[in-house]
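Heads up, the thing below is written out as structure tokens.
Only the coordinates and a few stated rules stand behind these numbers; no lab work does. Please read all numbers here as calculations on a predicted model, not as lab measurements. Every residue, glycine among them, receives a Cβ derived from its backbone with ideal geometry; neighbour counts consider all protein chains shown.
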Amino acid sequence: GTGVDIPYEVTGLTAALLQGAYGSNKDIRDFGFARATATLYTIAQIADIGNQLLRQSNGAAERVARRRLGKSIAITEATYVTNGTGSSQPLGFFQAFLAFGDPAGFKTALSSESRAAAIGKGISALEARGIMADDLVVVMNPTDYWELATETLGSSGSGGWVLDPAGGAAGSPPV
């Protein structure tokens, strides 16, 4: 495939310097970029349908062929997006995750850290890369939400609730 370089920021955001009197030193910040290369691939298939069938079917044969081609291409795309090896084919996201180590190594033991603290650590890591949490949305299934809402701080709950029971998650965000 053909490669396209896509730049992205690698320097975290920091607060600007408050300037003093006119002519004082200016705050100079360098920031860096890295690049990711997106390799473009083509998925193609040919459907061989006779001209007579195409003419006599009033468009039905063409519709069937288009639908089958679309489904076939979708199956191929889904396979590569999820499980592609990256060698002469796209790198699938499962393989990309595994390139950074076993996902099981990133699990948080709930006996030592609450779900809210784990979410807070994730948000902090994003902000360290310059991705601000202003518009961040945390999506979780209802079971996890209600378990999060009933967690307490400390092994015996002596530290209080992780979230304010009156305000819910919106009343006391994890960061």
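Structure values in brief
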read-out	value
Ordering of 54-63, 115-124 by burial proxy (mean other Cβ atoms within 10 Å per residue, highest first)	115-124, 54-63
Spherically averaged projected area of the stretch 24-67 from its Cα convex hull (nm²)	7.2
Sum of side-chain charges, G130 neighbourhood, beta-carbon under 15 Å (Lys, Arg +1; Asp, Glu -1)	-3
Cβ crowding within 10 Å averaged over residues, with 43-53, 83-93, 4-14 ranked highest first	83-93, 4-14, 43-53
Per-residue ³J(HN,Hα) for the stretch 130-140, Karplus 6.51 cos²θ - 1.76 cosθ + 1.60, θ = phi - 60°, Hz, x for Gly and Pro	x, 9, 7, 8, 4, 10, 6, 10, 9, 10, 8
Net charge of neighbours whose Cβ lies under 14 Å from the Cβ of A74, counting Lys and Arg as +1 and Asp and Glu as -1	+3
FRET efficiency, 1/(1 + (r/R0)^6) with R0 45 Å, evaluated for D48 and Y145 via beta carbons	0.30
